[in-house]
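**Q** Could you have a look at this structure, given as structure tokens, before my questions?
The values are calculated or read from the model by the stated rules, or taken from the named source; none is laboratory data. Not measured: the values here are computed from a predicted model. Here the Cβ is made from the backbone with ideal geometry for all residues, glycine too, and neighbour counts use every protein chain on show.
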Amino acid sequence: MMKKLTKIKAAMLCGAMAMGGTAAKAEMEYQQVSDLLHLVMSSDRTVYTRMIVNRLAVKEGVIKASEHFEDDKALVLPAQMFRFGAEMVAEETDAFSYSLLSLWPINKQNAPSTDLEKEGLEYIADNPGENFYGEEELGGVTYFTAFYPDVAVAEACTQCHNEHKDSPKTDFEGGDVMGGVVIRIPMDG
């Protein structure tokens with residue numbers, strides 16, 4: 001696990017935030033920025049999963065959630081909602097990126113594709129509640145890369161993964177690490 005912390009100008013990542021008419025000039029550690037981004041992502045993901053998908057699809061059964069949500073006139077799955085958000089962010093900035101990956105992906109495009117991704121996902125799976133941080137070079141750019149456990153926060157999570165025909169793991173229980181949120185921040189420039 002990476003212990004070295006490098007500073008990043010918060011204004012570079014978050015944009016120029018007006019505070020009393022002047023731009024914020026605070027410096028933050030890459031890890032701190034990544035942790036804060038993850039806090040927002042994780043909170044939004046958990047709220048959508050518990051209060052929308054789990055409540056409406058599992059508990060009340062008034063609408064289903066489906067990976068084919070448009071054809072089925074159903075709710076977007078939490079993983080799809082997360083990916084759609086990541087795609088929108090990528091259209092607006094290259095200051096950071098994020099994704100949801102797993103050692104047991106239903107969709108094979110969500111499997112680890114770099115050595116650090118595999119190492120980070122294995123670490124968070126083997127060490128529940130812990131994060132993993134590292135640096136990697138991709139396409140000539142050095143990235144600070146952070147891995148956060150993606151945990152089954154509702155019955156909808158385990159039910160979907162355990163029952164899906166393409167799932168390589170079908171024994172998830174509530175609270176299990178099902179994958180990881182991966183955040184990348186370019187360190188060059």
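**Q** Check region 158-168 and report whether any residue there is surrounded by 13 or more Cβ atoms within 10 Å (Cβ to Cβ) and basic (Lys, Arg).
**A** Taking region 158-168 first, the residues surrounded by 13 or more Cβ atoms within 10 Å (Cβ to Cβ) are 158-162, 164, 167-168.
Applying the additional criterion that residues be basic (Lys, Arg) yields none.
No: region 158-168 contains no residue that is surrounded by 13 or more Cβ atoms within 10 Å (Cβ to Cβ) and basic (Lys, Arg).
**Q** Hey, another quick one. Among the residues of region 151-189, what is the count of those that are in contact with a Cys (Cβ under 9 Å, 6 or more places away or on another chain) and touching a residue at least 40 places away in the same chain (Cβ under 8 Å)?
**A** Of region 151-189, the ones in contact with a Cys (Cβ under 9 Å, 6 or more places away or on another chain) are 151, 167, 172, 174, 176, 178.
From what is left, the residues that are touching a residue at least 40 places away in the same chain (Cβ under 8 Å) are 167, 178.
The total comes to 2.
**Q** Filter region 87-102 for residues that are in contact with a Leu (Cβ under 8 Å, 6 or more places away or on another chain) and either without any contact (Cβ under 8 Å) to a residue 24 or more places away in the chain or farther than 17 Å from SER42 by Cβ (or both) and give the result. Break it down stepwise before answering.
**A** Our first condition is that a residue be in contact with a Leu (Cβ under 8 Å, 6 or more places away or on another chain); within region 87-102, this holds for 95-96, 98, 101-102.
Scanning region 87-102 gives a single hit, ALA95.
**Q** Next question, about the same structure. In the set PRO105, PRO149, which member is part of a loop (DSSP other than H, G, I, E, B) and out of contact with any Leu (no Cβ under 6 Å at 6 or more places or on another chain)? So that I can check it myself, show each step before the final result.
**A** On the way: PRO149 fails: part of a loop (DSSP other than H, G, I, E, B).
Among PRO105, PRO149, only PRO105 is part of a loop (DSSP other than H, G, I, E, B) and out of contact with any Leu (no Cβ under 6 Å at 6 or more places or on another chain).
**Q** Residues in region 63-83: is at least one surrounded by fewer than 17 Cβ atoms within 10 Å (Cβ to Cβ), touching a residue at least 40 places away in the same chain (Cβ under 8 Å), of a type in the set (Asp, Glu) and outside any helix (DSSP H, G or I)?
**A** Among the residues of region 63-83, not one is surrounded by fewer than 17 Cβ atoms within 10 Å (Cβ to Cβ), touching a residue at least 40 places away in the same chain (Cβ under 8 Å), of a type in the set (Asp, Glu) and outside any helix (DSSP H, G or I), which makes the answer no.
**Q** Residue pairs, Cβ under 8 Å, 6 or more apart or interchain, first in region 106-123 and within 15 Å of VAL177 (Cβ to Cβ) and in contact (Cβ under 8 Å) with a residue 40 or more places away in the chain, second in a loop (DSSP other than H, G, I, E, B) and among the acidic types (Asp, Glu). List them.
**A** TYR123/GLU130
**Q** While we're looking at this one, here's another question. Kindly indicate whether LEU36 is of a type outside the set (Ser, Thr, Tyr), within 25 Å of PHE132 (Cβ to Cβ) and modelled with pLDDT of 95 or more.
**A** Values: of a type outside the set (Ser, Thr, Tyr): yes; within 25 Å of PHE132 (Cβ to Cβ): yes; modelled with pLDDT of 95 or more: yes.
Yes; evaluated as a whole, the condition is true for this residue.
**Q** If you don't mind, there's one more thing I want to ask. Tell me, please, whether a residue that is under 24 Å from TYR133 (Cβ atoms) and at pLDDT below 90 can be found in region 39-50.
**A** Just the residues of region 39-50 that are under 24 Å from TYR133 (Cβ atoms), to begin with: 39-46.
Then keep just the ones that are at pLDDT below 90; that gives none.
No: region 39-50 contains no residue that is under 24 Å from TYR133 (Cβ atoms) and at pLDDT below 90.
**Q** Out of TYR143, TYR98, TYR133, report the one residue that is touching an Asp or Glu at 6+ places or on another chain (Cβ under 6 Å) and in a strand (DSSP E or B).
**A** TYR143
**Q** Here is a further query. Looking for something more than 27 Å from MET51 (Cα to Cα), at pLDDT 95 or above and of a type in the set (Asp, Glu) - is there at least one such residue anywhere in region 179-189? Steps first, please.
**A** Taking region 179-189 as the starting set, the residues that turn out to be more than 27 Å from MET51 (Cα to Cα) are 184-189.
Of the ones still in play, those that are also at pLDDT 95 or above are 184-186.
From what's left, of a type in the set (Asp, Glu): none.
No.
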